[in-house]
Amino acid sequence: MSFGSLPEFFAMGGHGLYVWLSYGAALLVVFFNAAWVRFARRRYLREAADRMQRYPPAMRAAQETESGRL
Amino acid sequence: MTLKEFWHRLGSPRWFYQISGHFGWAFGALALGLLVIGTFWGLAVAPPDYQQGNSFRIIYVHVPSAILAQSAYMLMGAAGLVLLVWRMKLADMVLATTVPFGMSMTALALFTGAVWGKPTWGAWWVWDARTTSMLVLLFLYIGLYALRQAVPRQETAGRACAVLAVVGVVNIPIIKYSVDWWLTLHQGATFKLTESPSMPPEMWLPLLVNVLGFYCFFGANLVGRLRLEILRREHGTAWVQELMAGGRT
Amino acid sequence: MNPKRRNRLLIVLFLVAGSAATLALVLVALNDNLNLFYPPDQVVGGEAPVNTPMRAGGMVLDGSVARADDGLGVTFILTDYQGSAFTVAYSGILPDLFREGQGILVQGKLGADGVFQAREVLAKHDETYMPPELVDIARGGGP
């Protein structure tokens, strides 16, 4: 261990502001990268499920045939 | 599976989707473990530097983010080449999904560098060759993002981005060798291929752990983004419809 | 590899080689301007501009740091340890890492008398990191 006590650890020998700013930014970047994937995936799956319920594949195929878009 | 078979299978997003689920999680778990250990080690256990004191600890986030910013770009360059030559669908997806990650890593490297520069150099920012070439990398990422948004047709956008990504790779050796080719304020490389690092193991081991942790995080993040991109782009195919209907995504 | 792909590969390689060559030429042409500062031999040798804002750098010569009576003014000599050195005058707060033997960058103007009037002093450090105890051992002091 490099530090004797918790306050010493937080003070970082007077460089606390710089050290904690850097680590805070790193945590934010890692967190948002990870969270974005989970969030975007969930939202996409929910929307896809909604679409699926409203227009089941069979019905959509029929519609597309009717409107001549094959 | 031979290399040639593997190459052919990579052409199928469906195959990639099926195999990637598990190793995405494995990368994620590894990343979490390595990053917790490396960060704690670097913040609390490693000794301070004789000159810089505890502000030296910023190295444990600055160096990994800078390495990942460049590695992510190299991956995009490779994906761009594969897309231009072999027209592989998955390569375009890699090209698209790596941009936000690489951009965030570049921004993090620049930010932590500024925050480290203030107490050590005495300035937040200096226009030397290293910092400027790193800023160019950030602009390349922003350019790639903007280009994809600006071109409506997916195939055209993909090829335009691939050209920019491949050409932009020439910036990577400039970043790497900037500190050797020109007089800069930034110090030389921390990890070199041919020499052992000029610091004791109790200082570079936590750095190595965090670098590996960042790589695993990149792996996990890229797999996650790719799987979503595959679902989006292949939503009309029978296998995705089947997956969705069965709720087994 | 089928001929179509081989052609595409050649085009891409040509593109990369072309842009790399262009960039290399630009960088070589700009070479001196890409250096952040003038080293001591260029300052002494007259290659650095006089009375123009610029940066110079070198190592602080041992025993050369002299503080003025008002407490803020300081002069020191920057050297490359290879025969070239110049004096710097500065008034203000020095960075934490400022010490004898340290790499230092100064921003300001070089006077006609050869003294560099600095507005800003920046510390340069190298990639050698060491715990404090090891430095004591290296200097023969023991922990």
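The values are calculated or read from the model by the stated rules, or taken from the named source; none is laboratory data. This structure is a prediction, so every number in the text was calculated from the model and none was measured. As a convention, Cβ positions derive from the backbone with ideal geometry for all residues, glycine included, and neighbour counts pool all protein chains shown. Remember, those area values only see protein heavy atoms, side chains included, never the ligands or the DNA or RNA. Shrake-Rupley method; radii C 1.70, N 1.55, O 1.52, S 1.80 Å.
In a DSSP loop and with at most 16 other Cβ atoms within 10 Å, the trypsin sites (Lys or Arg not before Pro) in the stretch B:114-221 are B:153, B:192. Accessible area buried by the pairing of A and B, both sides summed with a 1.4 Å probe, works out to roughly 3000 Å². For the options C:22, C:52, C:87, a Gaussian network treatment of chain C with springs between C-alpha atoms closer than 10 Å singles out C:22 as fluctuating the most.
Just to be sure I understand: with springs between alpha-carbon atoms less than 10 Å apart, which residue in B:200, B:64, B:47 has the highest mean-square fluctuation in the Gaussian network model of chain B? Its mean-square fluctuation being the largest, the pick is B:200.
What FRET efficiency comes out for residue B:5 versus residue B:202 if R0 is 45 angstrom and r is the Cβ-Cβ distance? Round to the nearest 0.05. Once rounded, the FRET efficiency stands at 0.50. 3J(HN,Hα) couplings calculated from phi for the stretch C:43-48 with the Karplus curve 6.51 cos²θ - 1.76 cosθ + 1.60 (θ = phi - 60°) are, in sequence order, 5, 6, x, x, 7, 7 Hz; Gly and Pro show x. Find, among the trypsin sites (Lys or Arg not before Pro) in the stretch C:54-117, those assigned to loop by DSSP (not H, G, I, E, B) with at most 14 other beta-carbon atoms within 10 angstrom. Answer in residue order: C:99.
Interface between chains C and B: roughly 3600 Å² of accessible area buried, both sides summed (probe 1.4 Å, protein heavy atoms only). Select from B:127, B:214, B:90 the residue farthest towards the positive end of the dipole of chain B; place +1 on Cβ of Lys and Arg, -1 on Cβ of Asp and Glu, and compute about the Cα centre. Highest projection toward the positive end goes to B:90.
Return the lysines within reach of residue B:118: Cα separation strictly under 19 angstrom, same-chain partners fewer than 8 residues apart disregarded; answer none if there are no such residues. Correct list for residue B:118: C:124. Extending 7 Å from the Cα toward the beta-carbon at both residue C:47 and residue A:31 defines two label points whose distance is 5.0 nm. Relative to the longest principal axis of the Cα atoms of chain B, helix B:59-86 runs at roughly 30 degrees.
Picking from B:25, B:41, B:182, which is most flexible by a Gaussian network model of chain B using Cα springs under 10 Å? Fluctuation is largest for B:182.
For the protein assembly as shown, the dipole from Cβ point charges (+1 on Lys and Arg, -1 on Asp and Glu) about the Cα centre works out to 3120 debye, to the nearest 20. Note on the protein assembly as shown: semi-axes of the ellipsoid equivalent to its C-alpha gyration tensor, largest first and rounded to whole Å, are 51, 27, 18. Each residue of the stretch A:5-16 was assigned a 3J(HN,Hα) from its phi angle through the Karplus curve 6.51 cos²θ - 1.76 cosθ + 1.60 (θ = phi - 60°); the sequence is 9, 5, x, 4, 4, 6, 6, 6, x, x, 9, x Hz, with glycine and proline shown as x. At an R0 of 56 angstrom, the distance between the Cβ atoms of residue C:69 and residue C:14 translates into a FRET efficiency of 0.25.
Between helix B:129-150 and chain B there is an angle of about 20 degrees, using the helix long axis and the longest principal axis of the Cα atoms.
Each residue of the stretch B:227-236 is assigned a 3J(HN,Hα), and the resulting list reads 4, 5, 4, 5, 4, 5, 6, 9, 4, x Hz, derived from the Karplus form 6.51 cos²θ - 1.76 cosθ + 1.60 (θ = phi - 60°), x at Gly and Pro. Per residue of chain B, the DSSP helices (runs of n ≥ 4 H) give a summed -39500 (n - 2.57) that works out to -26000 deg cm²/dmol at 222 nm.
Tell me the angle of helix C:3-34 to the major Cα principal axis of chain C, expressed in degrees between 0 and 90 and rounded to the nearest ten. Tilt of helix C:3-34: around 20 degrees. When DSSP beta bridges are restricted to pairs lying wholly in chain C, around 85% turn out antiparallel. What separates the Cα centres of the stretch B:59-127 and the stretch B:203-249 is a distance of 18 Å. In this label model, residue C:91 and residue B:147 are separated by 5.3 nm, measuring between points 7 Å along each Cα→Cβ vector.
Shown for chain C is the translational diffusion coefficient from the Stokes-Einstein equation, using the Kirkwood radius over Cα pairs, a temperature of 37 °C and a viscosity of 0.692 mPa s: 178 µm²/s.
On a per residue basis, the protein assembly as shown carries 51 Å² of accessible surface, using protein heavy atoms and a 1.4 Å probe.
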